[in-house]
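Structure first, then comments.
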Amino acid sequence: MKRLKTVFLLLVFLFGYKTAYNQADKRFVNGFESKINGNDFQYHSSIQLATESLLVRATDGSSQMEWLTSPLPDNNKDTAIIIWLAGIGSSPGYAAFDVWVNKIIENQCYEIGFDTLRGTVRSLFDKCSGHEWIASDDSTGLGAFIYETLGNRSQMESFKLDNYQRRLPDTVWFEGIQPGELFDAFRFRASTPAAMVPGGLITEYRLSKSFPRIEIVYHLEKKLVTEPEGIYIAFPFDLEGGNLAFDVQGGEIRPGIDQIPGSANDWNTVQTYARIYDNNKQLILSSNDIPLMQFGGINTGRYKADAKPASLYRYSWPMNNYWTTNFNAYQMGTHEWTYTLTTSADASQATAARFGAENKVPFLSRVIPGGGKDQPEDKFSIFSNWPAHVMLVDMKPLDDEGCLFMHVREIAGQKVLFEPETLTKTYSIQMVRCDANGNFLSEANSLLNPYESAFFKIIIK
């Protein structure tokens, strides 16, 4: 994909050469085969082959045109010469042509196809598994920003929803590509009734250069609205024969299946991750900012006890003002939130739990001043023999007892003896199992059952 800049005036005309020009010289590609988006313009050119044209009357992104070239020649060459003509208007300035090759970007892990008119992802192809993760019957695209307004608030209080409107952004334009050492960012800007100003919504897709990792970052200048409103973000994933599951406080459940009977299922609170999986692969989605998700569809107003997801779709629910008790009447100002997703050929819960926890826990670092030229390094690793499928949930020092208080959880569904050792001869450790309040358990041992949470005090001697 390339971003080409050219001098470009307020009124821009585009003329396509007919295929006769291509036949005259196979090196050239017809630069205007058909229109995708834009205003048709009747123009009579002195050039006989220039018979079709498009017109745009602004260069700030609020108006745009999009078109297809003829297919590029399959000649195994890195260069193609694409020919079109641009007319000159009356107000000189600079603008950009965004040239997409099949609207596909890729790295070693994924091929991603963008819908540039909506600012969403229409295709997410996993090169490792050969699976297309976006549902073929999806109509919005991955990352779609859906703005919902209600005709009245009382319907929600009556446990129904039959008077509402859902809208995608009014105008979307591609703002640019920002290459980086860690990831490349693809940024779209859009106008939506939820925003204070035109172009008040930015969606940025970040494709990692080293890992199977994609981040989707939203930036919204939210308008003050006291009438009932809500926002959803679409994740229309699909996997034939696949399952849905998500992380809660202390374990994983399948929505509508493993829940307490009668508990809320129109929406759920996700602790660190939600995933879809089969025996050979999985896709994991995590957000450090937005915990509410709806599984199987937009379920607001369903109010059906023990309902199960209708599909593998999921919709994140960043904000709403539907309830009037203990909630603000509105949200406004600058809001930014991020989703992170990955895929893996290891479909285990342990892999999902590890990814979710790593995404939620920031990388901590500190600067320790040096102690002098001849002073030995005062650093060592306290633990060894730590099972890979035992996750550290939390740990804190208890200064008055001279020990560490640790919360761990088994995440692979396997029994395991949790008996870490020390790597240094200078120190030794003693582990004592406790309850959640730090009280010693007299008959406890270090055996962790599948998916069990446990607490230990680590005494360093």
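The values are calculated or read from the model by the stated rules, or taken from the named source; none is laboratory data. Quick caveat, the model's predicted, so the values are computed rather than measured. Note that each Cβ is placed from the backbone with ideal geometry, even for glycine, and that neighbours are counted across all protein chains shown. The accessibility values were calculated without ligands, DNA or RNA, using every heavy atom of the protein model including side chains. Shrake-Rupley method; radii C 1.70, N 1.55, O 1.52, S 1.80 Å.
Points to keep in mind about this one:
- Of the residues making up the range 291-333, those that are hydrophobic (A, V, I, L, M, F, W, C) and under 26 Å from THR272 (Cβ atoms) are LEU292, MET293, PHE295, ILE298, ALA307, ALA310, LEU312, TRP317, MET319, TRP323, PHE327.
- Among strands (runs of 3 or more DSSP E) entirely within the range 96-178, having at least 3 residues that are touching a helix residue (DSSP H, G or I) at 6+ places or on another chain (Cβ under 7 Å) singles out no element at all.
- Filtered by the rule that a residue be of a type in the set (A, V, I, L, M, F, W, C) and closer than 16 Å to ASP394 by Cβ, the range 406-430 gives MET406, VAL408, ILE411, PHE418.
- Count of the range 162-179 residues which are at pLDDT below 90 and more than 26 Å from GLU66 (Cα to Cα): 0
- Qualifying residue in the range 364-384 (condition: at pLDDT 90 or above and of a type in the set (Phe, Trp, Tyr)): no
- Picking from residues in the range 242-254 that are in contact (Cβ under 8 Å) with a residue 24 or more places away in the chain, open to solvent by 10 Å² or more (accessible area, probe 1.4 Å) and in a strand (DSSP E or B), the one that is farthest from ARG302 (Cα to Cα) is GLY251.
- Of the criteria (1) open to solvent by less than 80 Å² (accessible area, probe 1.4 Å); (2) part of a loop (DSSP other than H, G, I, E, B); (3) under 27 Å from ASN359 (Cα atoms); (4) not β-branched (Val, Ile, Thr), which one GLY438 fails: (3)
- Qualifying position, being at pLDDT 95 or above, in contact with a helix residue (DSSP H, G or I) (Cβ under 9 Å, 6 or more places away or on another chain) and among the hydrophobic types (A, V, I, L, M, F, W, C), among ALA234, ALA274: ALA274
- Filtered by the rule that a residue be part of a loop (DSSP other than H, G, I, E, B) and among the aliphatic types (A, V, I, L, M), the range 415-435 gives a lone residue, LEU423.
- Any hit, the range 187-204, residues being more than 19 Å from GLY141 (Cβ to Cβ) and under 14 Å from the mean Cα position of the chain (by Cα): no
- LEU285 meets the conditions (1) free of Cβ contacts under 8 Å to residues at least 60 places away in the same chain; (2) surrounded by 21 or more Cβ atoms within 10 Å (Cβ to Cβ); (3) under 15 Å from the mean Cα position of the chain (by Cα); (4) not in a strand (DSSP E or B) in every case but one. The failed one is (4).
- Odd one out for SER365 among (1) out of contact with any Asp or Glu (no Cβ under 6 Å at 6 or more places or on another chain); (2) open to solvent by less than 30 Å² (accessible area, probe 1.4 Å); (3) not basic (Lys, Arg): (2)
- Residue in the range 253-264 that is under 30 Å from VAL408 (Cβ atoms), under 16 Å from the mean Cα position of the chain (by Cα) and among the aliphatic types (A, V, I, L, M) present: no
- Note on the range 228-241: residues that are surrounded by fewer than 20 Cβ atoms within 10 Å (Cβ to Cβ) and either free of Cβ contacts under 8 Å to residues at least 40 places away in the same chain or β-branched (Val, Ile, Thr) (or both) total 2.
Rundown of residues vs (1) under 26 Å from ALA195 (Cα atoms); (2) surrounded by fewer than 18 Cβ atoms within 10 Å (Cβ to Cβ), yes/no style:
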{"site": "THR226", "(1), (2)": "yes, yes"}
{"site": "GLY256", "(1), (2)": "no, no"}
{"site": "VAL270", "(1), (2)": "no, no"}
{"site": "GLY296", "(1), (2)": "no, no"}
{"site": "MET319", "(1), (2)": "yes, no"}
{"site": "THR325", "(1), (2)": "yes, yes"}
{"site": "ALA329", "(1), (2)": "yes, yes"}
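- Residue in the range 130-161 that is farthest from TRP67 (Cα to Cα), counting only those that are among the hydroxyl-bearing types (Ser, Thr, Tyr) and either at pLDDT 95 or above or in contact with a strand residue (DSSP E or B) (Cβ under 6 Å, 6 or more places away or on another chain) (or both): THR149
- Filter result for LEU201 (open to solvent by less than 10 Å² (accessible area, probe 1.4 Å) and without any contact (Cβ under 8 Å) to a residue 60 or more places away in the chain): yes
- Filter pass, PRO261 being surrounded by 19 or more Cβ atoms within 10 Å (Cβ to Cβ), of a type outside the set (D, E, K, R), free of Cβ contacts under 8 Å to residues at least 60 places away in the same chain and not in a strand (DSSP E or B): no
- The set of residues in the range 441-461 being assigned to a loop (DSSP other than H, G, I, E, B) and without any contact (Cβ under 8 Å) to a residue 60 or more places away in the chain consists of LEU441, SER442, GLU443, ALA444, ASN445, SER446, ASN449, PRO450, GLU452, LYS461.
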